[in-house]
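Inspection log for the structure reproduced underneath, given as structure tokens.
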Amino acid sequence: MPRKVNYGVDYDEVYGDYEDYFDDSDIESDAGEVPEVEQDLIKPGTWRCSICTYDNDESMPFCDICEVFREPSSICNNGNNRTVHNMCEESGASIMAKSLFASLPHQKQNMAITFQRQNDDFMRKETNNFCRIENTQGEFYDFHNAFKPPNCSYPVIIAPFKFDCPSPDDLVSRGKQSSKAVSKGALVSITEKNGSVRTVPITGRQEYSSPLASGRQLPANETTRTSSEDNLHSLTNSLSMNLEVNSERSRNVTTRRAASPAQYKPEAWMLSDNEEGSKNQLNLAIVGHVDSGKSTLSGKLLHLVGRISQKEMHKYEKEAKLKGKGSFAYAWVLDESAEERERGITMTVAVAYFDSKKYHVVVLDSPGHKDFVPNMISGATQADAAILVIDASTGAFEAGMDSNGGQTKEHAQLIRSFGVDQIIVAVNKMDAVEYSKERFELIKQQLGMFLRSCGFKDSSMLWIPLSTIENQNLVAAASDGRLSSWYRGPYLLDAIDSLHPPVRDVSKPLLLPICDVIKSHSLGQVAVSGKLEAGALRSGLKVLVMPSGELATVRSLERDSQSCTAARAGDNVAVSLQGIDGGNVMAGGVLCHPDFPVAVATHLELKVLTLEAAMPILIGSQVEFHVHHAKKAARVVRILSLLDQKTGKVTKRAPRCLTAKQSAVIEVVLGEAVCIREFSDCRALGRVFLRASGRTIAVGIVTRIIE
Ligand code: GTP
Ligand code: MG
């Protein structure tokens, strides 16, 4: 989970924390006493993280410090809903939030939300919080028909998932359709502040007509009626049809029909340009193999553009040198925790800001170590563009490209799957190879081939040889003759400004996946942070907090620690909320428009692409399911079909297993409900990643929300 970088840190405080890191036992060992056997030091009721060695409470499914999942095999199914079939799952709150406020809300079953099954005829069993579907391996189309509304006549079309272009966006841009069928009419009950319950349909593709557009909140029981409604005969029919399926349960609740896209007219303030003088935000993920120099590069950039003062930098240098980590001084700007500094690796995504000529850049410095890929996913999923940092030194580039453990490839694939199509390849540490043009060309040729296979176009890739340590090609053209003699392209800051501004769709209902939660007990307030994926926000606006289904009011907004009056799609903001209990707000949740809640589901149909060197996926395989800022334990309950990479046609129905580089339609059941949208409705909330045994095994999109 991302955490914000504190500029102008109080060094006494940091130093104090750092000292706290060492416990008494360390000191005793130093004094020459025989250290106890490690096993004996593990307190009863705790388990020790194999990564950072922190002793976690037995109930924690993942490490409280580094957020790495506990080894699945070591967890027994103790009846706890959070521990399912030897798997651990939790959306997880950030280290920062946890350390600041001890009791973050855990995933809580919300009584207010009731999702109604669309096809009760379909056989279903529940086992330990997982829905295990009867092993229906019949005809593929029959299966889909089982989920289709009775009078739905459209054919089931499975979109192609091009093998060498693993971006889910490519699917949609080619106009393919998903095999969605029944989710549109699902209902969600919303508890109003006065205790009354109202039910609204969970919308998929249907857009909304903001009641705010008319300057008022609709009364809870008012049915929206507009002149063009009649033109939407089929949509309305399909909605009513779905509602009828559950008429027994929904008859007594007030329902509201979603308006059509044509009717939606966002308010003027939502569409207006940025505030006077403020630049477009560009969320820039810094990714790449461990130790390639991502944090050093980010810290140096912040320093060179004046965001970190000379005095502050001097302090970092002094501190780092004192700890024998002199070469990490710039990385310490981003790596703030004692653990990160001690180990010399980034563990969570750090967020920092600087202004270029064109953009207000949000730097998302990701961890490169393979153990922290889940944190990288959670933070870098907000990216509009990325800098892929490559270590040019001999052997290091090759290690990053290794299919078994090289993060250059994994990060590139993930970032493309986040929908990022603009990438700057920063070939760093050129000083270590004497600024060799041949080395640069070799890297460009080998990595370029791989990036093209991920779906990056040549025109969207910028290659820059640089040296962070020797300050070559960062914010000015290279001064070292060994580099300037053969490279005359843009330097890094120039390249950032040459990126195209990301498209912001403010014409959709509000969606803000919650990345982080900070509760202030003293003020009774809750603040969340994240990137607005759709719509706009301003103070006083009522928002629906999912999955709890509670309403809250936006009290204030902050962008880069500065308060602002409004935020629009694409902005990375902190939002303080009032009128809601902190226990109902959680990382992995979503702020949305009260009339257009996201779906909260456990049973999903996905179209996936298995990655290179991925382990086989079988029916029953347990995986980690990642979507926006949520991570859940999941089980593959069906493999419906294998797809042809080029045509998207079904080549095999009900295969027994999936191996590397295959695209397929599968169903997963999650251990706990997650806020989700179909990919065709909202890309950011419909992109998923499956991981197992510490590696990403598949990227995919949500094609249907089943339950
Ligand atoms: P993770 O976040 O753990 O993946 O590492 P990172 O990619 O952030 O690397 P980091 O910035 O921590 O730097 C790792 C080491 O590379 C440090 O010792 C840096 O001093 C060194 N380094 C960074 N840039 C350069 C460079 O341009 N030249 C040389 N020679 N060393 C560099
Ligand atoms: Mg780092």
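The values are calculated or read from the model by the stated rules, or taken from the named source; none is laboratory data. What you are looking at is a predicted structure, and each value in this text was computed from that prediction instead of being measured. Note: ideal-geometry Cβ built from the backbone for every residue, glycine included; neighbour counts use all protein chains shown. Accessible surface is based on the protein model in full, side chains and every heavy atom, while ligands, DNA and RNA are left aside. Shrake-Rupley method; radii C 1.70, N 1.55, O 1.52, S 1.80 Å.
With unit charges on the beta carbons (Lys and Arg positive, Asp and Glu negative) and the dipole taken about the Cα centre of segment 399-535, which residue among PRO501, ILE464, ILE443 sits farthest to the positive side?
PRO501
Averaging the inverse of every distinct alpha carbon separation and then flipping it gives the Kirkwood radius. What is it for segment 362-520, in angstrom units?
The Cα-based Kirkwood calculation yields 16.9 Å.
Remind me, relative contact order of segment 447-525 in percent, using alpha carbon pairs under 8 angstrom and six or more residues apart? Intermediate values should be presented prior to the final figure.
On the way: 39 pairs, mean separation 14.2, N = 79.
Rounded, it is 18 percent for segment 447-525.
HN-Hα J couplings of segment 386-392 from phi, Karplus 6.51/-1.76/1.60, θ = phi - 60°, integer Hz, Gly and Pro as x?
Values, residue by residue: 9, 10, 8, 8, 10, 8, 6 Hz.
I need the phi-derived Karplus couplings for segment 530-543: 6.51 cos²θ - 1.76 cosθ + 1.60, θ = phi - 60°, integer Hz, Gly and Pro marked x.
With coefficients 6.51, -1.76 and 1.60, one gets x, 9, 5, 8, 7, x, 8, 9, 8, 4, x, 6, 8, 10 Hz.
Where the only charges are on Cβ atoms (+1 Lys, Arg; -1 Asp, Glu), what is the dipole of segment 586-707 about its Cα centre, to the nearest 20 debye?
Once rounded to the nearest 20, the dipole reads 500 debye.
Using a 10 Å cut-off on Cβ atoms, rank the peptides 439-452, 565-578 from the highest mean neighbour count down.
Going from most to least packed, we get 565-578, 439-452.
In the calculated pair distance distribution of segment 434-530, what percentage of Cα-Cα distances lie above 17 Å?
Every Cα pair in segment 434-530 considered, those over 17 Å come to 69 percent.
Under a 5 Å amide H to amide H cut-off, with H placed in plane at 1.01 Å, what residues pair with ILE387 once short-range neighbours are removed?
For ILE387, the qualifying residues are ALA285, ILE286, VAL287, ILE424.
Probe of 1.4 angstrom, ligands and nucleic acids ignored: what's the accessible area per residue over segment 609-689, in square angstrom?
Here the residues of segment 609-689 average 29 Å² of exposed surface.
Relative contact order for segment 633-707: what is it in percent, counting Cα pairs under 8 Å that are at least 6 residues apart?
Here the relative contact order equals 25 percent.
Specify which residue in the list VAL598, ALA664, SER693 is farthest towards the positive end of the charge dipole of segment 559-707, using unit charges on the beta carbon of Lys, Arg (+1) and Asp, Glu (-1), about the Cα centre.
Projecting each Cα onto the dipole axis, the largest value belongs to ALA664.
Filter LYS444/LYS531; LYS409/LYS661; LYS318/LYS519; LYS43/LYS370 down to the pairs with a C-alpha to C-alpha distance above 24 Å, please. List each step's numbers first, then the result.
Details: LYS444/LYS531 32 Å; LYS409/LYS661 14 Å; LYS318/LYS519 34 Å; LYS43/LYS370 28 Å.
Violating the 24 Å limit, Cα to Cα: LYS444/LYS531; LYS318/LYS519; LYS43/LYS370.
Quick one: pull the percent of accessible area on segment 495-619 belonging to carbon and sulfur, 1.4 Å probe, ligands and nucleic acids left out.
For segment 495-619, the apolar C and S fraction of the accessible surface comes to 53 percent.
When the Cα centres of segment 583-657 and segment 292-341 are compared, how far apart do they sit, in Å?
Here the two parts' Cα centres lie 39 Å apart.
Using 0.36 nm per residue of separation minus the Cα-Cα distance, give me the extension gain between LYS321 and LYS358 in nm, one decimal.
Working: separation 37, 0.36 × 37 = 13.32 nm, distance 3.57 nm.
Here the segment from LYS321 to LYS358 would lengthen by 9.8 nm.
As a test question: what accessible area, to the nearest 10 Å², does LYS649 have when a 1.4 Å probe is rolled over all protein chains in place?
Roughly 140 Å² of LYS649 is accessible to a 1.4 Å probe.
May I have the extent of the alpha carbons of segment 315-435 along their three principal axes, as whole Å values ordered from largest to smallest?
So the three principal-axis extents are 42, 35, 30 Å.
Roughly speaking, what is the stretch gain from ARG695 to VAL305, that is 0.36 nm per residue apart minus the C-alpha to C-alpha distance, in nm to one decimal?
The ARG695-VAL305 span can extend by a further 136.8 nm.
Give, rounded to the nearest 20 debye, the magnitude of the charge dipole that segment 399-546 has about its Cα centre when Lys and Arg contribute +1 at Cβ and Asp and Glu contribute -1 at Cβ.
540 debye
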